[in-house]
Amino acid sequence: MKDMKDALPDLARVRKRFLSLLEDRCGRIAEHTLAAWQAIDDIEKRKHLTAAGTILHQIAGSAGSLGMQDLGATARSCEHAITEFTALPNAPSETCGHIVMEVDSFITCCRGHLD
């Protein structure tokens, strides 16, 4: 039990650090998603979505460990949508719209934790 009591202050510091990085990460995810939405070239679109997916993967792993299961699940859902989209050989551009909606839900969830 003593080990758990000693670990809790460290966990609080990790959680605080995670939340301090979350706003920047949300911004980068939004920028990549918007760039993918606007990209005409499929390679450019996939590059931006992959970058957003990488950030979402990091958030999904950390959020769940820090007791923010809703945030972790929402990040994971976005990451999966991106992975499925980028796995399609000739995904039509308009199917990227569901990813934008997923990311919007994710950012709304983030705001709940940042406010």
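Could you count how many residues in region 63-78 are open to solvent by 40 Å² or more (accessible area, probe 1.4 Å) and either aliphatic (A, V, I, L, M) or within 21 Å of K16 (Cβ to Cβ) (or both)? Break it down into steps so the answer makes sense when it comes.
We begin by selecting, within region 63-78, every residue open to solvent by 40 Å² or more (accessible area, probe 1.4 Å); these are 65, 67, 69-70, 73, 76-77.
Add one more test, that the residue is either aliphatic (A, V, I, L, M) or within 21 Å of K16 (Cβ to Cβ) (or both), and what stays is 65, 67, 69-70, 73.
Summing the residues that are open to solvent by 40 Å² or more (accessible area, probe 1.4 Å) and either aliphatic (A, V, I, L, M) or within 21 Å of K16 (Cβ to Cβ) (or both) in region 63-78 gives 5.
Going residue by residue through region 1-8, is there one that turns out to be over 18 Å from C110 (Cα atoms) and either at pLDDT 95 or above or open to solvent by less than 70 Å² (accessible area, probe 1.4 Å) (or both)? Let's see the steps before the verdict.
Of all residues in region 1-8, those over 18 Å from C110 (Cα atoms) come to 1-8.
Subset that is either at pLDDT 95 or above or open to solvent by less than 70 Å² (accessible area, probe 1.4 Å) (or both): 7.
Scanning region 1-8 turns up at least one residue that is over 18 Å from C110 (Cα atoms) and either at pLDDT 95 or above or open to solvent by less than 70 Å² (accessible area, probe 1.4 Å) (or both).
Here's a check for you: in region 35-49, which residue that is part of a helix (DSSP H, G or I) and open to solvent by 90 Å² or more (accessible area, probe 1.4 Å) is farthest from L71 (Cα to Cα)? Full working, then the answer.
Start the filter on region 35-49 by keeping residues that are part of a helix (DSSP H, G or I), which leaves 35-38, 42-49.
Filter again for open to solvent by 90 Å² or more (accessible area, probe 1.4 Å), leaving 37-38, 43, 47.
Numbers: W37: 23, Q38: 26, I43: 29, K47: 24 Å.
Top of the filtered list is I43.
Restricting the search to region 86-115, which residues are at pLDDT 85 or above, over 18 Å from G67 (Cα atoms) and open to solvent by 20 Å² or more (accessible area, probe 1.4 Å)?
T86, A87, H98, V100, M101, E102, D104, S105
So if I check each of A81, A60, which one is open to solvent by less than 80 Å² (accessible area, probe 1.4 Å), in contact with a helix residue (DSSP H, G or I) (Cβ under 8 Å, 6 or more places away or on another chain), more than 17 Å from L114 (Cα to Cα) and not aromatic (F, W, Y)?
Working: A60 fails: more than 17 Å from L114 (Cα to Cα).
Of the residues listed, the single one that is open to solvent by less than 80 Å² (accessible area, probe 1.4 Å), in contact with a helix residue (DSSP H, G or I) (Cβ under 8 Å, 6 or more places away or on another chain), more than 17 Å from L114 (Cα to Cα) and not aromatic (F, W, Y) is A81.
If you go through region 48-67 one residue at a time, do you hit one that is over 12 Å from the mean Cα position of the chain (by Cα) and farther than 21 Å from R15 by Cα? Write out each step before concluding.
Residues of region 48-67 that are over 12 Å from the mean Cα position of the chain (by Cα), as a first pass: 48, 64-67.
Now drop any that are not farther than 21 Å from R15 by Cα, which leaves 48.
Yes - at least one qualifying residue is present in region 48-67.
The values are calculated or read from the model by the stated rules, or taken from the named source; none is laboratory data. Bear in mind the structure is a predicted one, so any value in this text is a computation, not a measurement. Cβ: placed from backbone, ideal geometry, glycine included. Neighbour counts: every protein chain shown. What goes into the accessible areas is simple: the full protein's heavy atoms, side chains included, and nothing from ligands, DNA or RNA. Shrake-Rupley method; radii C 1.70, N 1.55, O 1.52, S 1.80 Å.
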